[in-house]
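Peer 1: So that we are looking at the same thing, I have put the structure below in structure tokens.
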Amino acid sequence: MNSTEVDILLVDDSQEDVDLTLHALRSENLANRVFVARDGEEALEFLFCTGPHAERSFDHPPKLVLLDLKLPKIDGMQVLERVKNDDRTRTIPVVLLTSSKEDRDRMVGYNLGVNSYLQKPVDFDAFRKLVKLSGLYWLVTNQPPVANGKAYSAGQSK
Amino acid sequence: MTKSLPRVLIVDDNPADVCLVREALAVTERESEVSSVGDGVEAMSFLTRKEKFADAFCPDLVILDLNLPRKDGQAVLASMKAAPALRKIPVVIFSTSQLPKDIVRSYELGANCYVRKPGNLNEFFYAVRSIEDFWFGFVNLPPRGE
Amino acid sequence: MSGAATQLGTQTPPQPGLKLRALLLEDNALDAALVVRALFKDGFDVKAHVVQDEAAFTNALRDDSPEVVLADYNLPTWKGMEALKVIRQEGLDIPMILVSGALGDVTAVECIKQGATDYVLKDGLARLPEVIRRALREKEERSLRRKVQEDLARKADELARSNADLEQFAYVASHDLQEPLRMVTAYTQLLAERYRGKLDENADKFIGYASEGALRMQVLIQDLLAFSRVGRNGSTSNSVDCNAVMAEVLQTLSPAIRESGAVVTCGTLPTVWADRTQVAQVFQNLIGNAIKFRGKEPPAVSVQAEKSGEQWQCSVSDNGIGIDSEYVEKIFVVFQRLHARDEYPGNGIGLAICKKIVERNGGKIWVESQPGCGSTFKFTLPSHDPEGEEVAR
């Protein structure tokens, strides 16, 4: 898959949750443009166009990042912080999708600028419904700072 | 324990649009507390509970238009995200503008999302309902500061 | 013979003649006198100034504003042909006629190639007046032509500016109209929904009409905006692979294609030189129309291309309802519709947009059609940058 055409970056190390998420997205025809990263390091490489993802460009960011908190190598909160503190990636919508319901995590997340925080339901069906509707909200209702796969830059006027 | 109703602040200088959003929110099954202000300066007063807004609630969600008198939407956004007490409040930009510069600047300033105000009634209601469903139905909002 | 200039011939001819200021570049006084006499005899009221060298010549050019220069080919300190250079340097357009002794044909032709207007032999001075008259006539024609061109350029500029103003107006008007219109549309619809059956029966009908009108106005304004946007945002021409464009267009139209059971076939399409987004718009509008204005059978649309000189001619053929020959021009006009609103949807702007785009990109668009026999829309686009090199295919 051409990595410039990714709509959703899914960052999760749980195979079960990844499968569930992809399945839910597939039912809305969003699944064929999802890239899965298994840890925080790969997520950062993807978003910052380094390492194995050096051929990617900041001009073609994903429209949405679904980010778990508990990740190997680099955890979700650090990924969030890096993304939201860098001008090149700040505008990418990031949604925390995590089993944590800690108030602290929500506080920190929103303070860091996460676009929204979703708690993974334990229930299979509820999880699917959440993913489906969130996918629709962020890719259809929402206007991402991207059009035709290319990021808008503030200087442009089309 | 009664869970208190979700609270929405609408910031829009067009009373007709404010009325439409209120109508759209009213027809859903979910109840919410809705307040509205007509310009950016009032928005900041409301959020910081100044003067006549001393008893204002702290909103769980702000629906913000861009084109406002006195202080425009992006300036409000910037002020909100710069204030530690207001920073975590989710802001949905709700605007007719489709200009890339408006969209990207809003994200740069920390808007949580950007929704286009449709011209058609059904689409308008649908958009507001989507916003409400997502933010009050699925999202874990930040803990209420007060 | 001194190097000083001499004034000759302010004699008045027998009848009032054509006034002529002549600058003679000649070192022989007798030859100069003969030239003046030849002109005088032919009716010229000639005022001649004779010079022999470059300095005097240059000064005389500036001071006298001569209408013609008569130069000897060979002078002691200068060459007659050099006078041309001085004339050009001064930025003047004065005919220079060589008046010379024996001058080989080859030399004479060479002189004319280098810019001398004509040449006359000193033993053939009888020709001189006619030669001068012709030279003056040609100069007159040249000025006239130049003036006409300048007028044309100025008018073209005005037209371009006027067009730009109109487009700007159309854009601003349609853009600004959208907002209040949105209010009218939303609230008439809300009224329709909330109060249906609750007011008297006329109310439902009235609100219905208002609502429909508002909705139609919204679409009209959006179309007008789309039309006025063509070219507003600075279209950039590039080599555009029409096959890739078609793939995207078919993707965009897939709901309509699916719903109508349309079959769209494409030949191999060329690479053209145009604005990519606009090319996509043209294909989308034409194929969309082919699907929309279908007959009883599912639409069969064929997209082909063939080379036509320096351009590519693309065609979109369908098996739809066809168009009467008397309307083949009208359909390209903004908002011209041939059918009642409830027969076929749309505002009649799609083809106007196609025409605007195609013409802006240097092509033409037309239709060949018969009612009941389908239509073939054809348009041309350049195959390469008219100012650049041929695109490698």
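Peer 1: Would you be so kind as to identify which of C:Phe227, C:Cys354, C:Gln189 lies farthest towards the positive end of the dipole of the protein assembly as shown, taking Lys and Arg as +1 and Asp and Glu as -1 on Cβ and the Cα centre as origin?
Peer 2: Sorting the options by dipole projection puts first C:Gln189.
Peer 1: Tell me the label-point distance for the pair A:Val122, C:Lys19, using the 7 Å Cα-to-Cβ offset, in nm and rounded to one decimal.
Peer 2: Result for the modelled spin labels: 11.3 nm.
Peer 1: Name the residue, out of A:Val131, A:Val122, A:Val108, whose mean-square fluctuation peaks in a Gaussian network model built on chain A with Cα pairs under 10 Å.
Peer 2: Highest fluctuation among the options: A:Val122.
Peer 1: A further question follows. Ranked highest first by the average count of other Cβ atoms within 10 Å around their residues, in what order do C:353-360, C:24-31 fall?
Peer 2: Highest-to-lowest ranking by the protection proxy: C:353-360, C:24-31.
Peer 1: Can you list the residues, at least 5 places off or on another chain, whose amide H is less than 5 Å from the amide H of C:Asp45, using H built in the peptide plane?
Peer 2: Here C:Gly17, C:Leu18, C:Lys19, C:Leu20 satisfy the definition.
Peer 1: Roughly how many debye, to the nearest 20, is the charge dipole of chain C about its Cα centre, given +1 on each Lys and Arg Cβ, -1 on each Asp and Glu Cβ, and no other charges?
Peer 2: My answer is approximately 780 debye.
Peer 1: Can I ask one more? Report, ordered by chain and residue number, the lysines lying within cross-link reach of A:Lys150, taken as a straight Cα distance under 17 Å and ignoring same-chain residues fewer than 8 apart.
Peer 2: Reachable lysines: A:Lys63, A:Lys158, B:Lys101.
Peer 1: Let me ask something else. Taking the Cα atoms only, what angle lies between the long axis of helix C:276-292 and the longest principal axis of chain C, rounded to 10 degrees?
Peer 2: Taking Cα atoms only, the helix is inclined about 50 degrees.
Peer 1: Another question, then. So for B:Asp72, C:Asp176, what's the accessible-area order with a 1.4 Å probe, most first?
Peer 2: My answer, sorted largest first, is C:Asp176, B:Asp72.
Peer 1: Can you bin chain B into rounded, prolate or oblate? Criterion: square roots of the alpha carbon gyration tensor eigenvalues sorted a ≥ b ≥ c, rounded for a/c under 1.5, prolate for a/b above b/c, oblate for the rest.
Peer 2: rounded
Peer 1: From the Cα gyration tensor of region C:195-297, with a ≥ b ≥ c the square roots of its eigenvalues, which class applies: rounded if a/c is under 1.5, or else prolate if a/b is larger than b/c, or else oblate?
Peer 2: oblate
Peer 1: To the nearest 20 Debye, how big is the dipole of the protein assembly as shown about its Cα centre, given +1 on the beta carbon of each Lys and Arg and -1 on that of each Asp and Glu?
Peer 2: The dipole of the protein assembly as shown has a size of about 820 debye.
Peer 1: In the Gaussian network model of chain B, springs joining C-alpha atoms below 10 Å, which of B:Asp60, B:Asp13, B:Asp133 carries the largest mean-square fluctuation?
Peer 2: Among B:Asp60, B:Asp13, B:Asp133, the largest mean-square fluctuation in the Gaussian network model of chain B belongs to B:Asp133.
Peer 1: Only four residue types carry charge here, +1 at the Cβ of Lys and Arg and -1 at the Cβ of Asp and Glu. Report the dipole size of region C:77-193 about the Cα centre in Debye, rounded to the nearest 20.
Peer 2: So the dipole magnitude of region C:77-193 works out to roughly 780 debye.
Peer 1: In degrees from 0 to 90, rounded to the nearest 10, what is the angle of the helix C:29-41 Cα long axis to the longest principal axis of chain C?
Peer 2: Tilt relative to chain C: about 60 degrees.
Peer 1: So what does A:Lys63 come to for accessible area, using a 1.4 Å probe and Å² rounded to 10?
Peer 2: The value for A:Lys63 is about 50 Å².
Peer 1: When we measure straight from the Cα of B:Lys50, which lysines land under 27 angstrom away, once same-chain ones fewer than 8 places off are left out?
Peer 2: Cross-link targets: B:Lys3, B:Lys71, B:Lys81, B:Lys88.
Peer 1: A follow-up question, please. Among C:Asn289, C:Asn59, C:Asn238, which one shows the highest mean-square fluctuation when chain C is modelled as a Gaussian network with alpha-carbon springs under 10 Å?
Peer 2: The residue that fluctuates most here is C:Asn59.
Peer 1: Within straight cross-link reach of C:Lys155, meaning Cα distance under 26 Å, which lysines are found once same-chain residues fewer than 8 apart are removed?
Peer 2: Output for C:Lys155: C:Lys139, C:Lys147, C:Lys355, C:Lys356, C:Lys364.
Peer 1: According to the square roots a ≥ b ≥ c of the eigenvalues of the Cα gyration tensor, what is the shape class of region A:66-156, taking rounded for a/c under 1.5, prolate for a/b larger than b/c otherwise, and oblate for the remainder?
Peer 2: Note, shape of region A:66-156 comes out oblate.
Peer 1: Can you tell me the relative contact order of chain A? Whole percent, Cα pairs under 8 Å, sequence separation 6 or more.
Peer 2: Computed over chain A, the figure is 25 percent.
Peer 1: A further question on this structure: Give me a single rounded figure for A:113-126: the average over its residues of other chain Cβ atoms within 10 Å of their Cβ.
Peer 2: Going residue by residue through A:113-126 and averaging, the value is 3.
Peer 1: Do any trypsin sites (Lys or Arg not before Pro) in region C:272-318 lie in a loop, going by DSSP, with at most 11 other beta-carbon atoms within 10 Å of their beta carbon, and if so which?
Peer 2: Passing sites in region C:272-318 are C:Lys296.
Peer 1: Next question, about the same structure. State the Cα centre-to-centre distance between region C:27-88 and region A:46-77 in whole Å.
Peer 2: What the calculation gives is 85 Å, centre to centre.
Peer 1: Between A:Gln78, B:Met80, C:Ala153, whose Cα lies farthest towards the positive end of the dipole of the protein assembly as shown when Lys and Arg beta carbons carry +1 and Asp and Glu beta carbons carry -1, centred on the Cα centre?
Peer 2: B:Met80
Peer 1: Identify, among C:Val46, C:Leu166, C:Pro298, the residue whose Cα sits farthest towards the positive end of the charge dipole of the protein assembly as shown, taking +1 on the Cβ of Lys and Arg and -1 on the Cβ of Asp and Glu, with the dipole about the Cα centre.
Peer 2: C:Leu166
Peer 1: Gap in Å between the Cα centre of region C:115-191 and the Cα centre of region B:93-146?
Peer 2: That distance is 51 Å.
Peer 1: What's the center-to-center distance, using Cα atoms, between region C:233-285 and region C:301-336 in Å?
Peer 2: 15
Peer 1: Can you list the GluC sites (Glu not before Pro) in region A:5-85 that are in a DSSP coil and have 10 or fewer other beta carbons within 10 angstrom?
Peer 2: Sites meeting the loop and neighbour criteria: A:Glu55.
Peer 1: In degrees between 0 and 90, to the nearest 10, how far off the longest principal axis of chain C does helix C:128-195 point, with axes built from Cα atoms?
Peer 2: For C:128-195 against chain C, the angle is about 20 degrees.
The values are calculated or read from the model by the stated rules, or taken from the named source; none is laboratory data. What you are looking at is a predicted structure, and each value in this text was computed from that prediction instead of being measured. Methodologically, a virtual Cβ is constructed for each residue, glycine included, from the backbone with ideal geometry; neighbour enumeration extends over all protein chains shown. Accessible surface areas use protein heavy atoms only, side chains included; no ligands, DNA or RNA. Shrake-Rupley method; radii C 1.70, N 1.55, O 1.52, S 1.80 Å.
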